[in-house]
Amino acid sequence: MLNSLFPWWRDHRPEHWGADALAGLVVSLILVPQSLAYALLAGVTPQMGLMAAIAGQLGYALLGRSPALSVGPVAIASAMTMDALSPLALPGSAQWYGMAGLLAVLSGLMLLLMGLLRLGFIAHLLSHSVIGGFISGAAVLIVLGQFKYWLNVPISGDTAYSLLQSLWNHGPSLQLAPLLLGLGCLLALIAARYLSSALPQNGVYRLSKTFPLLLLCVVTVFVHQTELSSVIPTLQSTLAWGGSTGLPHVAAIDTPTFFRLLQSAALIALIGFIESYSMAKAIGQIHSKSVDANAELRGLGAANLAAGLSGGFAVTGGLSRSVVNLEAGARSPMAGVFASLVMLLVWLGPSSLLSSLPLAALAAMIMAAVGPLINLHAFLQVWRYDRADGLGWLLTFIGVLLGGVEVGVMLGVTVALATVVMRQGRPHIAEIGCVPGTEHFRNVLYHQVQTLSNALFVRIDANLFFGNWDWIQENLQRKIQSRQTAMEHLVLSLSSVNDIDHSAYLGLREWARELHQQGVQLHLAEIKNPLLHKLRQHEANPDLPLSWAQEHLSTYQAFQGFSGRENAD
């Protein structure tokens, strides 16, 4: 029965229980402050943050398979939740909390459905450049949004410009005490991070990862026991404590609002899956285990469905938590179950302690977590390698800053698709010749090769389809016209061509007839069998060679034949 409920159970061993329990304890100490901080970022109650983490991990354990992926609230998904709900409801209202839960439920249903339909390949629909630009831009927005807790001013906005303008307008009313507290917490968190990176991979290192929780406890007690409690806002002053858990309650919403939520849920699901799948792949390489993208879709779907139905909000795999979970010895999703049990005790504890947490300290935790995500060095690397990919990164980044999260992603996807179409529409075409003493053919521009006066050899490095055939034909025609001597043969090496669509097929066949009228014979070399079979299906007799072009097993075979004729002439 356990094998059917938990897909990973058949690989689990009794000796793994101790390692999973220890990893669950360590991760729970990290997940508690992160859940509170990301609940603040999403504009929901602390309880909803804890419940999202508890239910999310239990839901993932039902269907997910990654041995160390830690599922729960994360910065990007929380920021996307805030961005999605801001135009639709008032922060802190029952409608806001209900929509946050509904957003998670919708994301979960989409992920589950995609997993059941085996659509795991969608992880490759967004390029690394687009994801990198999106994450960096979203991280900048998150950091800017936290200054309202450091300065204790009511700034608002969903773009960098609106946030900075709001901050400027409220500049005269800023307060110094929360700024100093937040800055001190941020410096302490950065120092602890650098210190932990220098520690050996042992118990001391794992203990250092609980520093954020220790810092929150110390700062809360310090503020509570001093006069600062009257000037530094806490969770109680901003968020309604004790939001109900269970099925998300949402008042009747109109159709446009529902479809707006549906669109945001799809975006959260896609970004969350890509982020989690990338982390699961890295963990799988360490454990020498393959990663089933469809199983990860189902696992994340169950996690979001459980989080939303229990009164939480959208969750996904967390990068830093998963790394700690792995280093702490997690061997299966059971580590997440143990972490959920520990967090359940925290959730059932006295709410007054959590509600006294200073907002400035939680904002510092968020800044410390998302700061490293602003990776401009990655942009420079992409730009140096490929300007088109670099442009996609840059436009996604700028789009997120100036238009918000959804605008940035849509812009990045548009640029990525445009780049693919542009590259396929203007493919690389190389005139090739035979490398002396071999059967290999290389570009005449970069290698010393043998060519023939009576034949032109060309390699096309892309599939032929309706969007590029006219350009390819014009390019080849110019090469023919530029020949100084009479040419009798045009050989197209199709070693890089996997497919020719119907439009390109018709164009190629018609052009072969035009070349024949000009005294030039078209030849096709190194045609892959599936493509050759497809071309022959359009002939009067599919069992015979093509009627409009001569076929050659290899480019070298054609070269030898034409070379003999040239010498004979």
Once you have all Cα-Cα distances for segment 254-365, histogram them in 10 Å bins from zero and send the whole-percent values. 11, 33, 34, 19, 3
Have a look at G18, I429, I54 and report the one farthest towards the positive end of the charge dipole of the chain, computed about the Cα centre with Cβ charges (Lys/Arg +1, Asp/Glu -1). G18
How much solvent-accessible surface does H502 expose, in Å² to the nearest 10, with a 1.4 Å probe and all protein chains in place? 100 Å²
Among the DSSP beta bridges whose two residues both lie in the chain, what percent are antiparallel, rounded to the nearest 5? 45 percent
Cα-centred dipole magnitude for segment 305-415, charges only on beta-carbon of K, R (+1) and D, E (-1), debye, nearest 20: 140 debye
When each pair of different Cα atoms in segment 448-569 is counted once in the 1/r mean, what is the Kirkwood radius in angstroms, to one decimal? 14.9 Å
Along the dipole axis of the chain (charges at Cβ: +1 for Lys and Arg, -1 for Asp and Glu; origin at the Cα centre), the most positive-end residue among L102, G403, V323 is V323
Taking a probe of 1.4 Å, how large is the accessible area per residue of the chain, in Å²? 45 Å²
Expressed as a whole number of Å, what is the distance separating the alpha-carbon centroids of segment 19-66 and segment 463-483? 57 Å
Pairwise centroid distance, computed over Cα atoms, of segment 353-385 with segment 526-545, Å: 57 Å
Just to be sure I understand, if you calculate semi-axes √(5λ) of the Cα gyration tensor in Å for this structure, which of [x] 58, 26, 23; [y] 41, 31, 20; [z] 38, 29, 21 do you get? [x]
With a 1.4 angstrom probe the carbon and sulfur portion of accessible area for the chain, in percent, totals 62 percent
Net charge dipole size for the chain [Lys, Arg +1 and Asp, Glu -1 on Cβ; Debye, nearest 20]: 880 debye
Going by the alpha-carbon gyration tensor, a ≥ b ≥ c the square roots of its eigenvalues, is segment 21-145 rounded (a/c under 1.5) or, if a/c is not under 1.5, prolate (a/b greater than b/c) versus oblate? rounded
Under the √(5λ) rule applied to the eigenvalues of the Cα gyration tensor, what semi-axes describe the equivalent ellipsoid of segment 340-426? Give them in Å, descending. 42, 15, 13
Using helices alone, what [θ] at 222 nm do you get for the chain, with -39,500 (n - 2.57) per DSSP H run of 4 or more residues, divided over all residues and rounded to the nearest 500? -20000 deg cm²/dmol
So what does M99 come to for accessible area, using a 1.4 Å probe and Å² rounded to 10? 0 Å²
State, as an integer percentage, the relative contact order of segment 432-511 based on alpha-carbon contacts under 8 Å between residues 6 or more apart. 34 percent
For the chain, what does the relative contact order come out to in percent, with C-alpha contacts under 8 Å and a separation of six or more? 24 percent
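The values are calculated or read from the model by the stated rules, or taken from the named source; none is laboratory data. Predicted, not measured: the structure shown is a model, and the values here were computed from it. Here the Cβ is made from the backbone with ideal geometry for all residues, glycine too, and neighbour counts use every protein chain on show. We work out accessible area using only protein heavy atoms, side chains counted, and drop any ligands, DNA or RNA first. Shrake-Rupley method; radii C 1.70, N 1.55, O 1.52, S 1.80 Å.
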